[in-house]
Amino acid sequence: MFETHHKPDAFRLLVSAYHPDSLRDPSSGPDTTQSDRLRHTLTWNVFKTLEQMAPSLWMRPLVARATGLPDGYASAPHITAVTCWSNLQPAPNAMLRRHRRHNVPVSAIVDTDDTVISFLTPSPTEILDSVLSETAEGGLLDVAEATAYLAGSRSAYVSVVLPIDVEEQVWAPRVQRRAERVGRVLQSSGRSPENLRGMGVTTWHALHELLSEIAQSRFISRPEQRYAMTAVDWMSERLAVETGRKRLA
């Protein structure tokens, strides 16, 4: 029943397969596991598919699933660009106060005319070693400051997408508590970026739900609908396979 997990097209890039971003695909490493390959392919197929559609249609629902709409988010951007596996420049505060010198890696950046969202799609090990760490360089504090710095005068958000193979009920609260602590650290230090609107946690299932809703919208064009449906069908199969594997484990 679960043999399709190992088929080559299980990891195919659904859109923009020849985009320069694909050269940074972490899946190309020799030590990449099947779980990592799927995680990286999900990153590309979800966010690059969203890039093909009008952001006014999906941006608010995305912010809702990514951070819980902490500020209401009433905007409707007109243009968008998505990059995968980028490195953000450290914020000046991080360089001056914590001596950060290395760029800050993020899994995906959704960049619009009035909003920037950085997404981390960590492995279970990376959640412990980086996302939940209070001292690791490139952790949630660095990502928050770097995203706000990139956004400039625009609204900035950060979200962590939990791995498929962890329990949401266990890990989502832990990540959310870390995000809240980062927010308190920034506020207490007096250097909190004014444009940092929220940090949160989401899941691939929630993003699959978002794409499903978009595909059924009456306000989407037929080409955009095809993009959304292709991603929905692909994710449905992959998530079903992973759910089955977890049950057998």
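Along its three principal directions, the equivalent ellipsoid of region 128-186 from the Cα gyration tensor extends over semi-axes of 21, 13, 11 Å, largest first. Restricted to Cα atoms, the chain shows a radius of gyration and a Dmax of 17.6, 55 angstrom. Mean separation of Cα pairs under 8 Å and 6 or more residues apart, divided by the residue count, gives the chain a relative contact order of 20 percent. If both residues of a DSSP beta bridge must be in region 86-164, then about 55% of such bridges are antiparallel. In region 118-158, the convex hull through the Cα atoms has an average projected area of 2.7 nm², a quarter of its surface area. Each Cα pair under 8 Å and six or more residues apart adds its sequence gap; the mean of these over the residue count of region 1-127 is a relative contact order of 21 percent.
Helix 34-51 sits at what angle to the longest principal axis of the chain, using alpha carbons and giving 0 to 90 degrees rounded to 10? Between the helix axis and the principal axis of the chain, the angle is about 80 degrees. Bridge orientation summary for the chain: considering DSSP beta bridges with both residues in this region, about 50 percent are antiparallel. Placing +1 on the Cβ of every Lys and Arg and -1 on the Cβ of every Asp and Glu, with no other charges, gives the chain a dipole of roughly 300 debye about its Cα centre. Remark: relative contact order (region 76-125) = 40 percent; criterion is Cα-Cα distance under 8 angstrom and separation of 6 or more residues.
In the chain, the longest principal axis of the Cα atoms and the axis of helix 168-189 are about 20 degrees apart.
Region 138-249 gives an Rg/Rh value of 1.08, both radii derived from C-alpha positions and Rh following Kirkwood. In region 46-114, one over the average inverse separation of all distinct C-alpha pairs is 13.7 Å, which is the Kirkwood hydrodynamic radius.
To the nearest 10 degrees, how steep is helix 204-215 against the longest Cα principal axis of the chain, on a 0 to 90 scale? Its long axis makes an angle of about 70 degrees.
The mean of 1/r over all distinct Cα pairs in region 1-143, once inverted, gives the Kirkwood hydrodynamic radius of 16.8 Å.
Dividing the C-alpha radius of gyration of region 92-174 by 2.2 N^0.38 Å, with N its residue count, gives 1.13.
Placing dummy labels 7 Å off each Cα toward the beta-carbon, the span from residue 194 to residue 113 is 2.3 nm. Basic side chains Lys and Arg get +1 at the Cβ, acidic Asp and Glu get -1 at the Cβ, and with that the dipole of region 118-249 about its Cα centre reaches some 300 debye.
When a/c is below 1.5 the answer is rounded, else prolate if a/b is larger than b/c, else oblate, so apply that to region 166-226 with a ≥ b ≥ c taken from the square roots of the Cα gyration tensor eigenvalues. It comes out oblate by the Cα gyration axes.
Applying 1/(1 + (r/R0)^6) with R0 = 25 Å to the Cβ-Cβ distance of residue 205 and residue 36, what FRET efficiency is obtained, to the nearest 0.05? Taking R0 as 25 Å, the efficiency between residue 205 and residue 36 is 0.85.
Using the Cα coordinates of region 65-209, the gyration tensor eigenvalues translate into equivalent-ellipsoid semi-axes of 21, 19, 15 Å, sorted from longest to shortest.
Distance between the modelled labels on residue 233 and residue 76, one decimal in nanometres: 3.1 nm (7 Å Cα→Cβ projection).
All of the numbers you see were taken from the coordinates with simple rules; none came from a lab. Quick caveat, the model's predicted, so the values are computed rather than measured. As a convention, Cβ positions derive from the backbone with ideal geometry for all residues, glycine included, and neighbour counts pool all protein chains shown.
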